[in-house]
Amino acid sequence: MKRYNYFDILKNNFMEFKMIEYIEIKNNIASAKIALQGAHIFHYARNSEKPLLWLSEVSDFEERKAIRGGVPICWPSFGMNNPDLPQHGFARTSLFKHISTTEIDADTTQVILKLTHSKETLKLWAYKFELEMKITISHKLIMELTTTNLDTKSFKITQALHTYFSVSHISDAVVKGLDKKPYFDALTSKVSLQNGDIRFEEEVDRVYQEVDADIVLVDKERKINIENEGSASAIVWNPWIEKCARMSAMKENAYESFVCIESANAMEDFRLIKPKCSHTLKLTISS
Ligand code: BG6
C-alpha cells in the first residue's frame, strides 16, 4: 500500500490517504478499508486469507475520481441508464458522512455512512434524498444500500454495487447461477439467454435480468457466494485485453486478475421510490 504515498496520519480512526480519507477496520475475523468518498470499500480480507476484493495497483486515490476496484456504488443511475448523469451516477465520487463505527462483538464491526442531497446534487438530479450505506465486516461481508425519498415527488433509480472480485486468473473464473437468464449484451445491444455457466475468453459486458438465486464465482482457489436482496438484475463484466488497455487507472494486464459481478437494479429492474419510502439493495458475500 505504500505505493499510494499515504501519510500514515491517525486521526481518531481515520487515516489520510493522499487526498481522501478512509476508515480502517480490524477485528478478530477480518480487516477492511472504507473510503468516505463514495462509501467505497476498497479492501476486505479475512485474517490470513487473500483479499476478496480486487484493487488496481494504479488506482487514483483522489477527490472526485472513483477508486478503481473494491465496490464502487453506482447511484442514482447505473451506467448511462440516465443520460443526464455522469456514467454510474454521482455517489461514487461524492463525500459521504461517517455516522458510526460499531463493534457489535469482537468478530463483527459495522460502519454506517450517509449521503444526502446538496446544492450540487440537486443541480445534477432534482430530488431530495438520503442514501445510507451500512457495511458489516465479519466472516461475511455485508453491504446494505438504502435509498430514502425525502422529496415530495417520486423518483426512479437504477443502481449497482459494482464489486470487483479478485480471481486467481481470469481463465480459471466460472460464474454459476445465471443459466437460462435473459441478458442484455452491452457489446451487441442484443438480448440473449444464458446457456450454462459463464467463462471468460473475450470481453464480457452483460446485464442479466430475472436474477432470483445466489450467484457463485469459482476459481482455482475458492468459491465465493453472492447473495442479493432487493435486486433482480446483475452485471457481469470483464474488459479483456483491448478495453483494459484503454481504461483509466488499470494496468494493461489487469483484466487477468478480476471479474466484476454487480448486484443491481438496472434497466427494466429500475426502482420507483415514492415520497417518504425507502428501498434497500443488500449484498452478502461469503466464501
Ligand atoms: C460496468 C459496465 O458496469 O462498468 C462497463 O458494464 C464499464 O461497460 C465498467 O466499462 C466500468 O465503468 P467505469 O465508469 O468505472 O470505467
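Read-outs: derived from the displayed coordinates by stated rules, not from any lab. These numbers were taken from a predicted model, which means no experiment stands behind them. Don't worry about glycine lacking a Cβ; one is built from the backbone with ideal geometry, like all the others, and counts go over all protein chains shown.
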For the range 164-214: rounded, prolate or oblate by the Cα gyration tensor [a/c cutoff 1.5]: oblate
Length added when fully stretched, Lys26-Ala245, from 0.36 nm per residue minus Cα-Cα: 75.4 nm
Reach of Lys119 by Cα under 19 Å, taken over lysines that are not fewer than 8 positions away in the same chain: Lys97, Lys128, Lys153
Ranked packing of 176-183, 132-139, most packed first, by mean Cβ within 10 Å: 132-139, 176-183
Convex hull volume per residue for the range 148-287, taking Cα atoms only, in Å³: 120
Cα-based convex hull, the chain, per residue volume (Å³, whole number): 127
Å³ per residue enclosed by the Cα convex hull of the range 217-287: 130
Ranked packing of 275-287, 222-234, most packed first, by mean Cβ within 10 Å: 222-234, 275-287
Partner lysines for Lys190 [C-alpha distance under 17 Å; skip if fewer than 8 residues away on the same chain]: Lys180, Lys181
Contact order relative to length of the chain, as percent, for alpha carbon pairs under 8 angstrom and 6 or more apart: 17
The range 113-156 shape via C-alpha gyration tensor axes, a/c threshold 1.5: prolate
222 nm mean residue ellipticity, helices alone, for the chain (DSSP H n ≥ 4; -39,500 (n - 2.57); rounded to 500): -1000 deg cm²/dmol
Span from the the range 121-176 Cα centroid across to the the range 200-221 one, whole angstrom: 18
Length added when fully stretched, Val218-Leu193, from 0.36 nm per residue minus Cα-Cα: 6.9 nm
Set Lys65/Lys251; Lys114/Lys282; Lys134/Lys282; Lys140/Lys251 screened for pairs whose C-alpha atoms are more than 19 Å apart: Lys140/Lys251
Cα gyration tensor shape of the range 57-201, rounded if a/c is under 1.5, else prolate or oblate by comparing a/b with b/c: oblate
